[in-house]
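Below is one structure; the comments refer to it alone.
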Amino acid sequence: MKRKDIYIDMAFALLMMLTACTPVPHDVKQSKQEAEIYPDYKDVTIPVNIAPMNFVMRGADAVEVKAGDLTIRSRGGHVEFGMREWRRLLEENDTIEVEVTALKNGQWTAYKLFYWYVVRDSIDSYLTYRLIEPGYSVWNRLQIKQRCVENFDEYALADYNLQDNRCMNCHTPGSQNPQLSMLYVRGNGGGAILNQNGRLRKLDIKTPDMVATSTYFQFAPSGRYIVFSSNVVVPAVRSLAQKRLEVYDTESDVYVADLETNRIICSQRLSDPDQLETFPAFSPDGRYIYYCTSPKVKLPEDYKSLKYILARIPFDEATGTIGTQVDTLFTERSVCHPRVSPDGERILFTVQDYGTFPIWHKEADLWMMNLRTGMVDTLQMVNSDMSDTYHSWSSNSRWFVFASKRDDGLYGKPYFCYVDSKGKAYKPFCLPQQDPTFYDDCLKSFNAPEMIRGKIPFNAVDVANALSLPAEPFKR
Amino acid sequence: MFIKMEKRKGNIKDLWLMLVIIGFVVVCFCFFQLLYSYHFYFKGQNQLFLMSWSYVSMLFDKPAWAACLAGEFLTQFYYYDMAGATILTISLTVLFWLAYQALGSLRFKNQKLNRWVVLIAALLITMREVSCHLYYGYMLSSTFALMGGLLMFLILHRLMECRWPWALMVVLSGTLLCYWLFGYGVWAFLFLSVFAVWKVTAPVVVTFVFCLLPFMRSHYNLTFTGLCQYPGVESFHAPDFLKETDFHMMHSYETGDWDDVVKTAEADPLLNILTEKGSAQKKLTQEAQVSSTIRRFLYNLVQAQKGILPDVLMEYYPNYLGTFTSMIGTNLPMLMFMNLHEFYYAIGDISRAERGAFMSCVSVPGNRNANTIKRLAECALVKNDQKAVEKFLGLLRQTIPYKDWAESAPNDKRYRQKAQFINLQDSISPSEDSYNIMTQLLRSNPKNEVALDYLLCSQLLKKDIDSFKRDYDLYCTECPRIRKLYQEALCIWLMKQKATEEEWQKYIKDKQVRNRMEEYIREGANPRFADTYWFYFDIFNIDTH
């Protein structure tokens, strides 16, 4: 347990002692209304290994919660479960009935029951994300962190203090493997920091003929290759107050990098001068590269004509060659971030009306395609009226995490969604926090969440040390 | 007799000590309250202390949590008049007393240090801290860190006199505890401990520096320098009265005391130097130029919202409107950067106002600026974006200074009025094309006089008479905006076009302007016409500015 958690537990224990005389419900009024809890954990499907789903009943003077055979009473609206009781609760129950009784304005009210459906399909135990202000083009004091989702432990993978306050891009693992991952540290002396079994390498994944440095990337299942896009990214302010920001690419191409020979592999199909190719991802068997592509349009004037389709092209890992046959998979709306589930059954992607930067598009939703049948599920149960995007799968393909702005329209938070073996998606839930009001006070977006099977074996000091290494060059 | 004499000596020294303390308190309070009070307002803004456990628990992520907790908690009261000077004076006085006590408890060759030496040393330590507080970025937490180190020594120094194993334990545990609670205050603790028990302290210093601090690097995610200086140290600073006036104008603008902004600007020597119209200008330092720019920017912002920007545009040469400022990826001076959202909010570009506020927020330590959170709440209120309103007002409700404002803001009718002026055009712009922004605002609401004046005045400052005339025709035909400045500019266009009398009649409604123009033509660029646009157009060279 981290030192911070020990302090919190000590303070919590002290608080519990001070508030030992928590009121007990009496003269309870039954209500047909749902309890207004935050985060909204009502009727959600949760993994057996998730951290306690602490929540708050806003405006309550006291609250009693009965979850299975567990009863919690507290002054104020905070409901925080002890780790041991919570573990037992999940291990012993498949369906947990939760009854919330709250004291408001001197009256105890019992709200409509809700349920937690516990599934034995565990979630990957770690989550990585970047913490950034929702401003995009100007940043300051960035952090990339990993969080154990089975408890509340959080560690820095990269920290502005140790990385000279430089821009850092999202940390991405290969096949949810903690021993294989990469992140970018931008600016002078920066580079791609590659983690191979805890050994860090600094790479300069750029050749002179590329339009820009590498931006979005994914690992091949073997770990030998990454597929990446090189994008000239332009941020532009939207004049309409509700729309905030549009970001588009004026140039973008897709390449493959061989991490063993430091060689860049390219294809005319993926660097067509008349097309914008981006968001590449390998299929779990390594035989295809999925990507998004749009014909170039006049920018910024015709930005609403930027419509990216979902396509794929073969790749041979044995020879390191890109095929020539391009399959078009989806053309209905503008597609971003395609991610194939590790079992190869489904592909999850973001759709929006136009463009390539969904985080400020309220209509941006997650859609899921069955790769066997081609059927597309619009995931009604999952999406919200705000941006839902930047998703990744768990290693068992039963869970995905995504960043959603559904709470306030500004700050992205990680939401987890269960997908059963038949491909049915269930109501998602927000990453639990020790203090359920954590998100109220947080002024950072959780950006690009990625699930990982275990703890990443490096920290921010290791990244600082790796930055002092000479960058390994790449060539054609 | 001897005892009596010693007692009298002691009394005299105590009297001197009292006099020094009283003198320090009076001078310190008067200086900070009378000459430096707006620095407090600025410092108070640059944090957002929340009365919540989740906020307080964040302080445990770094060393010196106790110093930061006390410092940040008290800094929020800087918002209130006189509170800053009072808090700082009390803190510095306590620091002086702690330093006096700690140094006074030291023994050198079994003798206590001379009390005069102790008094002077304590005064020097305190004056150094005073000097640090003259810098707008220096935090009260740092003073508390130093105080913590001294306090820790005072508490533990008697225990250090035990046998060496106990003394070693006391110094070692004191060092760790002191670092955890007070960060860099540990150096004060170790420095004093070296004097007290150097044989025990020396190995502790070595262990702490070479074993414990490197280990803490990954725990606290700080560089070695950061670990040694947390929560922050500063070098000596002289009073910065330029910044004080900048902060004064910012404070008056933000609190809605616009008359004071105008009054301060009019009495400002920096701006008045620039009003020697046409004559050679005094050389300003870079800092003074930055201050002058911010002050003119705020002054014009006030006058524009009062509807009299065209009447005052020629008051200062060269003037500065902020309309040609790049915001995206900008390299602006910090205060200008922090105030850009005020301009966009004033003209009604809520999208850019919100963006400017976000950018301003990330430019302060901890990325939490109270004023910009307030502005973000205002933007959300204007847009009627209830989810965002709740987010930001929820934060402000957890503060002491802004709680009342957060409660009353949703019922403030001004935000509904402001909503009438927001940009309704849907387009994107990768640059801060101010012309495009203002014409869009005028297309959305032609009654947006603030945007109109900024648009026309920007053209005139650039001496772009043709564009001015085109936009004047476009936006002032239905509702003529008769202003002396615009009339004078129209005269230039009419002269250039060799316009007919009918056209002169159509545009020039102010007969005095036409008469004066004839006088100006006769007399040439006489400084008595320095208040006219013609004089600016003919004499002032915009290329040099």
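Here, each number is a calculation from the coordinates, and none is a lab measurement. Not measured: the values here are computed from a predicted model. Counting neighbours? That spans all protein chains shown, and the Cβs are built from the backbone with ideal geometry, glycine included.
Placing dummy labels 7 Å off each Cα toward the beta-carbon, the span from A:E301 to B:K109 is 9.0 nm. Cα-based values for the range B:299-417, radius of gyration first and Dmax second, are 15.4, 45 Å.
For q values of 0.13, 0.24, 0.25 Å⁻¹, compute log₁₀ I(q)/I(0) with the Debye formula on a Cα-only model of the range A:429-476, without solvent. Normalising to I(0) and taking log10 leaves -0.62, -1.06, -1.07. Size descriptors for the range A:281-431 (Cα atoms only): Rg and Dmax, in that order, 15.6, 48 Å.
When every alpha-carbon pair in the range B:12-229 is counted, what percent end up more than 23 Å apart? When every Cα pair of the range B:12-229 is considered, 51 percent fall beyond 23 Å. Note on the protein assembly as shown: Rg/Rh from C-alpha atoms, Kirkwood Rh, equals 1.01.
Each of B:K469, B:K387 was scored by other Cβ atoms within 10 Å of its Cβ. Listed from fewest to most, they are B:K387, B:K469.
Membrane-span-like helices of chain B, defined as complete DSSP H segments with a Cα extent of 30 Å or more along the helix axis and a mean Kyte hydropathy of at least -0.5, are identified as B:2-30, B:83-104.
Working value for chain A: equivalent-ellipsoid semi-axes of 41, 24, 21 Å, each the square root of 5 times a Cα gyration tensor eigenvalue, largest first. FRET efficiency for the B:M18 to B:M82 pair, using the beta carbon distance and R₀ = 35 Å, is estimated at 0.90. Ellipticity at 222 nm from helices only: DSSP H runs of n ≥ 4 in chain B, each -39500 (n - 2.57), divided by the residue count, give -20500 deg cm²/dmol. The alpha carbons of the range B:65-135 stretch over 48, 23, 17 Å along the principal axes, in descending order. How tilted is helix A:3-18 with respect to the longest principal axis of chain A? Cα atoms for both, answer in degrees (0 to 90, nearest 10). Rounded to the nearest ten degrees, it is 20. Dipole check for the range B:121-255: with +1 at the C-beta of Lys and Arg, -1 at the C-beta of Asp and Glu, and the Cα centre as origin, the magnitude is about 700 Debye.
Evaluated with a Cβ-only charge set (Lys, Arg +1; Asp, Glu -1), the protein assembly as shown carries a dipole of roughly 2580 debye about its Cα centre, given to the nearest 20. Per-residue shielding of B:347-358, expressed as the average number of other chain Cβ atoms within 10 Å of the residue Cβ, stands at 4.
Among the residues of A:239-251, the average count of other protein chain beta-carbon atoms within 10 Å of the residue beta-carbon is 6. Take the Kirkwood radius over Cα pairs of the range A:133-244, plug it into Stokes-Einstein at 25 °C and 0.890 mPa s, and you get 155 µm²/s for translational diffusion.
With neighbour counts taken as other beta-carbon atoms within 10 Å, the residues B:M249, B:M517 rank, fewest first, as B:M517, B:M249. Against the empirical 2.2 N^0.38 Å (N residues), chain B has a Cα radius of gyration ratio of 1.24. Mean residue ellipticity at 222 nm, helices only, chain A: -2500 deg cm²/dmol; runs of at least 4 DSSP H residues each add -39,500 (n - 2.57), and the sum is divided by the number of residues. Taken residue by residue and averaged, Cβ atoms of other chains lying within 10 Å of the Cβ of B:46-55 number 4. Summarising the overall dimensions of the range A:62-219 from its C-alpha atoms, the Rg and Dmax are 22.4, 71 angstrom. Against the main long axis of the alpha-carbon atoms of chain A, helix A:83-92 sits at an angle near 80°. When A:H26, B:H39 are sorted by how many other C-beta atoms sit within 10 angstrom of their C-beta, beginning with the fewest, the order is A:H26, B:H39. Applying a threshold of 23 Å to the alpha-carbon distances of B:K263/B:K462; B:K447/B:K509; A:K405/A:K427 flags B:K263/B:K462 as lying beyond it.
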